[in-house]
1. Regarding TYR15, is this residue among the hydroxyl-bearing types (Ser, Thr, Tyr) and either open to solvent by less than 30 Å² (accessible area, probe 1.4 Å) or at positive phi (or both)?
2. I'm trying to understand the selection: among the residues of the range 51-81, which are under 13 Å from VAL21 (Cβ atoms) and surrounded by 13 or more Cβ atoms within 10 Å (Cβ to Cβ)?
3. Are any residues in the range 18-33 among the β-branched types (Val, Ile, Thr) and surrounded by 13 or more Cβ atoms within 10 Å (Cβ to Cβ), and if so, which ones?
4. Open to solvent by less than 50 Å² (accessible area, probe 1.4 Å) and within 13 Å of the chain's Cα centre (by Cα): does that describe VAL3?
Amino acid sequence: MNVDFTTDRQDVTNYSIVLLVEEDEQIETVRVYDGAHGENEMHRYSRQGGKQAAEVFHRGTLGEGMRSAIETIERGYAVMIEGWRTQ
C-alpha cells in the first residue's frame, strides 16, 4: 500500500492510497482511493481491463475518506488482489 497526502494545517486537502501487487516481476495497481476531485473516489483496476470508472466510496471529509480507505485496504486487500487477478 502506498499512501500520499497533503494537508493544510490539520485538514487533509488531497490524498492517494494505492494498493499494489507484484505479479510476474512487475508492480501492478489493484485499487486507487483518492480525493483528486474533492470527493472520496475509488478506482478498481483489473488485469484485463485496466482502470475502471471512479465510484464515490465515502461522503465525509477527505480526511475521513483517507482513513476509511486505509482501513478498507488493511481489512480486505487479499480479496481485492484476488478480484484483480480473476478479472
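1. On the way: among the hydroxyl-bearing types (Ser, Thr, Tyr): yes; either open to solvent by less than 30 Å² (accessible area, probe 1.4 Å) or at positive phi (or both): yes.
Yes.
2. Step one: list which residues in the range 51-81 are under 13 Å from VAL21 (Cβ atoms), which gives 73, 77-81.
Matches in the range 51-81: ILE73, TYR77, MET80, ILE81.
3. Of all residues in the range 18-33, those among the β-branched types (Val, Ile, Thr) come to 18, 21, 27, 29-30, 32.
Hits for the range 18-33 are VAL18, VAL21, THR29, VAL30, VAL32.
4. Working: open to solvent by less than 50 Å² (accessible area, probe 1.4 Å): no; within 13 Å of the chain's Cα centre (by Cα): yes.
It is false that VAL3 is open to solvent by less than 50 Å² (accessible area, probe 1.4 Å) and within 13 Å of the chain's Cα centre (by Cα).
The values are calculated or read from the model by the stated rules, or taken from the named source; none is laboratory data. The structure presented is a predicted model; accordingly, all values stated were derived computationally and were not measured. Note that we place each Cβ from the backbone using ideal geometry, even for glycine, and neighbour counts take in every protein chain shown. Note: areas computed on protein heavy atoms with side chains; ligands, DNA, RNA excluded. Shrake-Rupley method; radii C 1.70, N 1.55, O 1.52, S 1.80 Å.
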